[in-house]
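Everything below concerns the one structure shown next.
The values are calculated or read from the model by the stated rules, or taken from the named source; none is laboratory data. No experiment lies behind these values; they were computed from the predicted model shown. Reconstructed Cβ throughout: ideal geometry from the backbone, glycine too, with neighbour counts over all protein chains shown. The area values use the complete protein model at the heavy-atom level, side chains included, leaving out ligands, DNA and RNA. Shrake-Rupley method; radii C 1.70, N 1.55, O 1.52, S 1.80 Å.
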Amino acid sequence: MPIPLVNSIASWFLKKRFHQMELFLKYPNEVQLELLNTLLETAKHTEVGKEYDFASIYNYKTFAERVPIRGYEEYESMIERSRQGINNIFWPTSIKWFAKSSGTTNAKSKFIPVSQESLEDCHYAATKDLLCMYLNNNEDSQLFTGKSLRLGGSKELYKENGTSFGDLSAIMIANMPFWADFSSTPSSEVSLMSDWEFKMKAIVQETIQENVTSLAGVPSWMLVLLNQVLETTGKENLLEIWNNLEVYFHGGVSFDPYKDQYKKILPKNSFKYYEIYNASEGFFAIQDSNDSSELLLMLDYGIFYEFIPMDTYSTKDQKVIPLSDVEVGKNYAVVITTNAGLWRYKIGDTVRFTSTNPYKIRVSGRTKHHINVFGEELIIENAEEALKKTAKSTHSEIVDYTVAPIFMEGKEKGAHEWVIEFKKRPESLEEFSHILDHNVQQVNSDYEAKRHNNTTLNILQIREARKGLFYDWLKKNNKLGGQHKIPRLSNTRAYVEELLVLNTVGTYSPN
């Protein structure tokens with residue numbers, strides 16, 4: 001299809017979609033409440049709908065009083081029954097697919113229900129909206145002159161009891177219309193390979209022959225792939241291979257630790273980076289303008305949002321509030337009700353609102369991924385910001401990291417231990433640790449108070465990781481690829497102790 005015609009079609013769809021978006025931009029809370037009523041009406045004859053008498057719920061107050069907040073553990077038995085092919089448990093249409101997620105807080109797999117409605121009206125709709133926003137902001141884009149290099153999960157789809165499970169990306173690829181394969185690379189056959197390391201080699205061989213104009217995937221794993229592309233081709237940067245490359249759509253982990261490395265292999269001032277916020281449970285937010293650090297919360301994807309202020313999370317004073325009550329700058333745990341039958345479900349993420357007109361957010365971390373052993377309440381957002389500043393000032397580059405507490409022993413005070421794999425090592429680790437410690441204090445007043453005169457905490461310690469340590473840990477735990485990553489922050493030393501054992505064994509072999 002000629003590019004001008006493709007752009008004309010995209011422009012028509014864009015204008016039509018913008019009219020729909022204007023509705024939730026102007027009337028966000030009304031749109032959300034209407035959506036909640038639609039979800040309740042749709043599911044009133046399900047087992048869950050009958051248990052909580054959805055038919056008699058006419059407002060948010062009754063909904064919040066009657067339906068309990070749940071995590072995966074409380075949902076698991078219902079999901080397992082649904083995986084056996086039993087219908088109408090929490091959603092009226094049959095659930096054929098389950099997005100398998102190992103999570104990052106424990107080794108147990110989670111199976112998140114994916115309905116036809118959530119696939120079409122949430123995940124696929126968001127992909128279209130992302131392209132629309134990008135094209136609207138970049139009218140001279142040549143996106144459709146080439147293909148999008150997509151890097152999804154490494155799991156195949158496994159069928160059992162008439163239902164299928166696998167990575168969300170695998171579910172989406174397997175259900176895409178046939179024509180979508182023509183605009184993407186690698187082929188579906190390669191994308192769905194289960195052996196991650198073999199798959200990476202196959203992707204390199206296939207994609208270097210294509211005219212790639214965009215990238216899409218998790219920053220950490222995409223960087224591994226792109227470095228392999230450069231090694232295979234012997235080129236200095238990606239523009240020597242794909243000279244029409246113009247944008248990278250990324251999500252899954254914070255981009256900050258990787259941004260400088262991407263700029264080195266993509267030395268083009270006009271190159272764009274677009275962030276998304278999605279998960280197995282749904283697609284939530286999209287960067288809606290060039291060079292923005294905020295994400296627009298999408299309110300018409302069949303997801304009703306609630307939030308738990310993190311200062312009350314998991315306490316006897318915990319409170320849950322609707323979107324209309326959130327405040328800028330506060331940290332919230334996200335609770336969702338979806339068109340796949342998740343009712344008041346805690347997804348485990350935390351966000352901070354940067355605007356309430358329209359509603360825009362930044363992902364700040366995970367509810368279970370923080371360090372609060374000494375009352376310092378260090379969250380991922382703090383760690384990422386401090387590490388980015390430190391790497392810049394010490395002219396170093398970070399591949400991966402994790403942080404754990406060093407517990408008090410006897411009269412010895414506690415501290416934080418950072419295990420960091422460097423791509424470019426700082427001249428002095430001692431200087432690096434002092435600068436990082438200072439930067440953490442600058443972004444976290446609680447940490448600063450505990451560090452004041454070494455009141456509770458000693459200066460943080462840096463443990464340098466050998467090349468490939470984090471890769472080897474993920475491989476050892478069968479977590480290569482997709483959105484898998486080691487937890488950034490933990491209140492225990494479990495991950496760090498495993499890494500320190502592996503740190504003495506040189507087994508790195510990603511190629």
### Near pairs, Cβ below 8 angstrom, 6+ apart or cross-chain, from segment 287-300 (touching a residue at least 40 places away in the same chain (Cβ under 8 Å)) to any residue that is of a type in the set (Gly, Ala, Ser)
294/355; 295/285; 296/285; 297/285; 298/126; 298/285
### Query
Going by the structure shown, is residue 189 of a type in the set (Asp, Glu) and in contact (Cβ under 8 Å) with a residue 24 or more places away in the chain?
no
### Task
Give segment 353-372 a look and list any residue that's assigned to a strand (DSSP E or B), at pLDDT below 95 and over 19 Å from residue 282 (Cβ atoms), or say none.
370, 371
### Odd one out for residue 472 among (1) open to solvent by 80 Å² or more (accessible area, probe 1.4 Å); (2) in a helix (DSSP H, G or I); (3) among the acidic types (Asp, Glu); (4) closer than 30 Å to residue 225 by Cα
(1)
### Message
Being open to solvent by 10 Å² or more (accessible area, probe 1.4 Å), under 30 Å from residue 264 (Cβ atoms) and in contact (Cβ under 8 Å) with a residue 12 or more places away in the chain is the requirement here; does residue 413 meet it?
### Response
no
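Test of understanding: among 54, 24, which residue is more than 30 Å from the chain's Cα centre (by Cα) and either under 16 Å from residue 303 (Cβ atoms) or crowded, with 19+ Cβ neighbours inside 10 Å (or both)?
It is 54.
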### Query
Quick one: how many residues across segment 202-229 are without any contact (Cβ under 8 Å) to a residue 40 or more places away in the chain, open to solvent by 20 Å² or more (accessible area, probe 1.4 Å) and not in a loop (DSSP other than H, G, I, E, B)?
4
### Task
Would you mind telling me which numbered condition in (1) open to solvent by 10 Å² or more (accessible area, probe 1.4 Å); (2) in a loop (DSSP other than H, G, I, E, B); (3) in contact with a helix residue (DSSP H, G or I) (Cβ under 8 Å, 6 or more places away or on another chain) residue 395 fails?
(3)
### Query
Consider residue 196 against the criteria (1) surrounded by 19 or more Cβ atoms within 10 Å (Cβ to Cβ); (2) touching a strand residue (DSSP E or B) at 6+ places or on another chain (Cβ under 9 Å): it satisfies all of them except one. Which criterion is unmet?
(2)
## Note on the structure
Of the candidates 321, 347, the one satisfying the condition of being at pLDDT 95 or above and open to solvent by less than 50 Å² (accessible area, probe 1.4 Å) is 321
### Task
Determine if segment 259-281 includes at least one residue that is free of Cβ contacts under 8 Å to residues at least 40 places away in the same chain, under 20 Å from residue 380 (Cα atoms) and open to solvent by less than 40 Å² (accessible area, probe 1.4 Å).
yes
### Message
So residue 270 passes all but one of these: (1) in a loop (DSSP other than H, G, I, E, B); (2) under 30 Å from residue 113 (Cα atoms); (3) polar (S, T, N, Q). Which condition number does it fail?
### Response
(2)
### Query
If you go through segment 314-334 one residue at a time, do you hit one that is under 19 Å from the mean Cα position of the chain (by Cα) and farther than 30 Å from residue 438 by Cβ?
yes
## Note on the structure
Going through segment 324-344 in order, the residues found to be at negative phi and open to solvent by 20 Å² or more (accessible area, probe 1.4 Å) are 324, 325, 327, 328, 330, 331
